[in-house]
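Peer 1: Would you mind keeping the following structure in view while I ask a few things?
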Amino acid sequence: MWRRPLNILQVLRAPVGGLFRHVVDLSHGLAERGHRVGLVIDAGDPGPFWQGKIDHLENSAVLGLTRLAMARGPSPRDLLAVSHVMHRIARQKIDIVHGHGAKGGALARFAASLARKGAAPARFYTPHGGTLHFSPTSLQGRAYRAAEAWLSRHCEAVIFESAFAREGFASRFHLASPHWPVIPNGLHRHEFMPVAVPDGAADFVFIGEMRDIKGVDIFLSAMRRLPGATRAVLVGAGPQLSSYQAMAKACHLNERVEFLPPRAARAAFALGRVVVAPSRAESLPYLLLEAIAAGRPVIATAVGGVPEIFAPHTEALVPAEDSEALSAAMLAALLNPATLAATMSEIASYINNRFAVHTMVDAIEGLYCSKLAQERCSAA
């Protein structure tokens with residue numbers, strides 16, 4: 001096992017959502033264990049809530065936090081980002097480069113591979129669904145597929161947060177994966193404290209990015225099928241917010257749904273009696289772990305790694321892109337809340353024993369150290 005503190009560079013694009021939550025937890029945990037952490041993230045405005053998270057993270061990033069302009073897809077600006085990461089590797093004697101998401105993973109591994117002669121950082125990648133979210137026939141999808149064919153062979157380990165993500169990645173890119181570990185996301189102990197919902201709260205709450213992949217349109221269509229007194233709150237921001245607001249108006253839901261900006265998950269949970277996650281695709285969403293740990297009833301779709309969270313009761317999940325099935329599950333929650341509550345209690349006990357931040361950080365730290373030791377021994 002590696003004994004001295006490591007210099008670790010985390011690279012990602014958008015500092016929002018579950019991916020960023022993972023990086024925050026990992027970075028703080030590594031810093032608490034004595035390692036030196038630096039970050040490279042996108043320069044775009046993530047909004048006040050996520051900016052607060054960035055500001056707090058800088059306290060743990062003793063190697064500095066750099067913000068660069070990054071496009072979601074391949075871009076000429078990527079050359080500047082690669083150059084910056086290479087410079088950081090050489091100047092700060094980086095031991096570990098860990099890329100997160102499609103863009104962060106590509107930049108981190110490419111830069112580290114080019115820099116290996118002068119400094120030999122071990123290269124790690126966590127997709128967080130990243131490249132799987134691009135259509136394989138799209139220009140971006142083809143570009144990332146071509147890059148992945150090379151990058152995955154120039155990487156000490158690809159880390160997945162769910163078995164689904166690992167299997168999907170291997171299938172999409174036709175890669176063997178016996179050495180790729182599954183290390184689930186985790187929660188802190190205090191997140192298992194229940195969240196009370198006040199009188200007057202909405203019936204349902206959606207929390208997440210305002211993007212089609214999160215199924216916001218399906219949620220609004222399901223709301224349209226429910227009794228007229230049913231109310232919902234949608235918490236989040238994103239590129240399609242205005243189109244969803246227009247859809248709500250067109251569906252005559254103005255008086256029944258309210259759109260609110262992002263806030264802490266536990267504060268958002270208190271806005272509705274049931275959390276609804278109608279995603280079209282997911283890996284292993286933090287939001288569901290947080291909601292279940294907080295004692296909130298959850299209605300979710302059977303996508304990605306979600307069945308791994310709902311393992312004791314996968315029958316409670318609804319099919320994706322099916323507003324009729326979603327509305328039926330929502331109506332059942334209104335009419336018989338005790339049944340859903342009992343189901344969620346069993347699922348909460350299950351995740352309490354399997355998803356912990358300290359376990360996640362320990363596993364990733366151990367992987368860093370073992371792979372780095374192997375690499376240095378091979379180089380010698």
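Peer 1: So, in the range 30-49, of the ones that are surrounded by fewer than 18 Cβ atoms within 10 Å (Cβ to Cβ) and hydrophobic (A, V, I, L, M, F, W, C), which residue ends up modelled with the lowest pLDDT? Reasoning before the result, please.
Peer 2: Initially, the range 30-49 is screened for residues surrounded by fewer than 18 Cβ atoms within 10 Å (Cβ to Cβ), giving 32-34, 43-45, 47-49.
If we keep only those that are hydrophobic (A, V, I, L, M, F, W, C) too, we end up with 43, 49.
Working: A43: 95, F49: 89.
Among residues in the range 30-49 that are surrounded by fewer than 18 Cβ atoms within 10 Å (Cβ to Cβ) and hydrophobic (A, V, I, L, M, F, W, C), the one modelled with the lowest pLDDT is F49.
Peer 1: Also, I was wondering about something else. Quick one: count up the residues across the range 96-106 that are more than 15 Å from G38 (Cα to Cα) and modelled with pLDDT of 90 or more. Break it down into steps so the answer makes sense when it comes.
Peer 2: Taking the range 96-106 as the starting set, the residues that turn out to be more than 15 Å from G38 (Cα to Cα) are 101-103, 105-106.
Narrowing the set further to residues that are modelled with pLDDT of 90 or more leaves 101, 103, 105-106.
Total satisfying the criteria: 4.
Peer 1: For residues in the range 300-314 being of a type in the set (A, V, I, L, M) and more than 20 Å from S327 (Cα to Cα), which is surrounded by the fewest Cβ atoms within 10 Å (Cβ to Cβ)?
Peer 2: Taking the range 300-314 as the starting set, the residues that turn out to be of a type in the set (A, V, I, L, M) are 300, 302-303, 306, 309, 311.
So of that shortlist, the ones also more than 20 Å from S327 (Cα to Cα) come out as 309, 311.
On the way: I309: 26, A311: 11.
Filtering first and then ranking leaves A311.
Peer 1: Another question, then. Within the range 190-223, take every residue that is without any contact (Cβ under 8 Å) to a residue 60 or more places away in the chain and charged (D, E, K, R) and give me the one that is nearest to G17 (Cα to Cα). Before the answer, list the steps.
Peer 2: So the first thing to find is which residues in the range 190-223 are without any contact (Cβ under 8 Å) to a residue 60 or more places away in the chain, and the list is 190, 199-200, 210-211, 217, 220.
Keeping just the survivors that are charged (D, E, K, R) gives 199, 211, 217.
Working: D199: 28, R211: 12, D217: 19 Å.
So the residue we want is R211.
Peer 1: Do we have any residue at all in the range 350-358 that's touching a residue at least 40 places away in the same chain (Cβ under 8 Å), over 20 Å from the mean Cα position of the chain (by Cα) and not in a helix (DSSP H, G or I)?
Peer 2: no
Peer 1: Taking G52 and the conditions (1) part of a helix (DSSP H, G or I); (2) touching a residue at least 24 places away in the same chain (Cβ under 8 Å), which numbered condition does it fall short on, given that it satisfies the others?
Peer 2: (2)
Peer 1: May I ask you to verify whether L39 is hydrophobic (A, V, I, L, M, F, W, C), outside the structural domain of V235 (by TED's automatic domain parsing) and in contact (Cβ under 8 Å) with a residue 12 or more places away in the chain?
Peer 2: Yes.
Peer 1: Under the condition of being of a type in the set (S, T, N, Q) and crowded, with 16+ Cβ neighbours inside 10 Å, which residue from the range 315-347 is farthest from T230 (Cα to Cα)?
Peer 2: Start the filter on the range 315-347 by keeping residues that are of a type in the set (S, T, N, Q), which leaves 323, 327, 336, 339, 343, 345.
In the following step, the residues that additionally are crowded, with 16+ Cβ neighbours inside 10 Å were identified as 323, 327, 343.
Numbers: S323: 16, S327: 11, T343: 23 Å.
Applying the filter and picking the extreme gives T343.
Peer 1: Mind checking whether some residue in the range 63-83 is part of a strand (DSSP E or B), among the basic types (K, R) and within 23 Å of the chain's Cα centre (by Cα)? Don't jump to the end; show me each part of the working.
Peer 2: First, pick out the residues of the range 63-83 that are part of a strand (DSSP E or B): 65-68.
When the remaining residues are screened for being among the basic types (K, R), the result is 67.
Adding the requirement that they be within 23 Å of the chain's Cα centre (by Cα) leaves 67.
Within the range 63-83 (the criterion being part of a strand (DSSP E or B), among the basic types (K, R) and within 23 Å of the chain's Cα centre (by Cα)), the answer is yes, since at least one residue qualifies.
Peer 1: Same structure, new question: If we keep just the residues of the range 113-134 that are under 21 Å from P76 (Cα atoms) and either modelled with pLDDT under 70 or out of contact with any helix residue (DSSP H, G or I) (no Cβ under 9 Å at 6 or more places or on another chain) (or both), which is surrounded by the fewest Cβ atoms within 10 Å (Cβ to Cβ)?
Peer 2: Going residue by residue through the range 113-134, those that are under 21 Å from P76 (Cα atoms) are 113-115, 130-131, 134.
When the remaining residues are screened for being either modelled with pLDDT under 70 or out of contact with any helix residue (DSSP H, G or I) (no Cβ under 9 Å at 6 or more places or on another chain) (or both), the result is 130-131, 134.
Values: G130: 25, T131: 26, F134: 19.
Looking at the filtered set, the residue picked out is F134.
Peer 1: Among the residues of the range 10-29, is any of a type in the set (A, V, I, L, M, F, W, C), crowded, with 20+ Cβ neighbours inside 10 Å, at pLDDT below 95 and part of a loop (DSSP other than H, G, I, E, B)?
Peer 2: yes
The values are calculated or read from the model by the stated rules, or taken from the named source; none is laboratory data. On a predicted model such as this, the values are computed, not experimentally measured, just so you know. When we count neighbours, we look across all protein chains shown, and the Cβ atoms used for this are built from the backbone with ideal geometry, even at glycine.
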